[in-house]
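S.K.: One structure, as structure tokens, below. Some questions next.
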Amino acid sequence: MKIYLGYDHAGQSLKEPVLAVLAELGHEAKDFGSKGDNNDDYPDFAQKVAEKVQKDPASRGILMCGTGVGMAMVANKFHGIRAAFADSVELARLGRAHNDANILTMAGRMTNEEVAKNIVKTFLETLFEGGRHERRVNKITALENKL
């Protein structure tokens, strides 16, 4: 699967662990992250990744900033994007299983490397459960279409 990766200076600390997991799982990583500029802005990276995932529905995105919250806010502005913040394996699993999240966001300043690896692995290996959850995701899509 193609994975689009974006991070600002505050999320850059998770870049290498995430890339290692993606390689281990056999995914193709496309890096749209920071070049280390402390004055960069997380919305720029979130936009790039959200647009890529929007155009390639079979792909997934991973975004990392200081808290993961800002990246989720930006990515969720894009039609068809369901970005889920996760700071635990369980949130990553539920974001995929119940919400069909197509972008994962994480907190670079608060997530250690081993936890981040497990979050990414879980996010990418968990399937959407459908059923009653599909009805709810369809309501999100209907709302997007209405707006």
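S.K.: When only C-alpha pairs under 8 Å and at least 6 residues apart count, what is the relative contact order of the stretch 2-146, in percent?
M.R.: That works out to 25 percent.
S.K.: Still on this structure, please answer the following. Cross-link list 15/117; 52/146; 2/117; 15/77; 35/121; 15/48: which exceed 20 angstrom alpha carbon to alpha carbon?
M.R.: From the list (15/117; 52/146; 2/117; 15/77; 35/121; 15/48), the Cα-Cα distance tops 20 Å for 52/146; 15/77; 35/121.
S.K.: Under a Cβ-only charge scheme (Lys and Arg +1, Asp and Glu -1), can you give me the dipole magnitude of the chain about the Cα centre, in debye to the nearest 20?
M.R.: Taking the Cα centre of the chain as origin, the dipole is about 600 debye.
S.K.: When the Debye formula is applied to the Cα atoms of the stretch 1-133, each taken as the same point scatterer, what base-10 log of I(q)/I(0) results at q = 0.10, 0.13, 0.20 Å⁻¹?
M.R.: -0.25, -0.43, -1.09
Quick note: the coordinates plus some simple rules give every number you see, no bench work behind them. In this text the structure is predicted, and so the values were computed from the model without any measurement. Here Cβ is always computed from backbone atoms with ideal geometry, including for glycine, and neighbour counts include all displayed protein chains.
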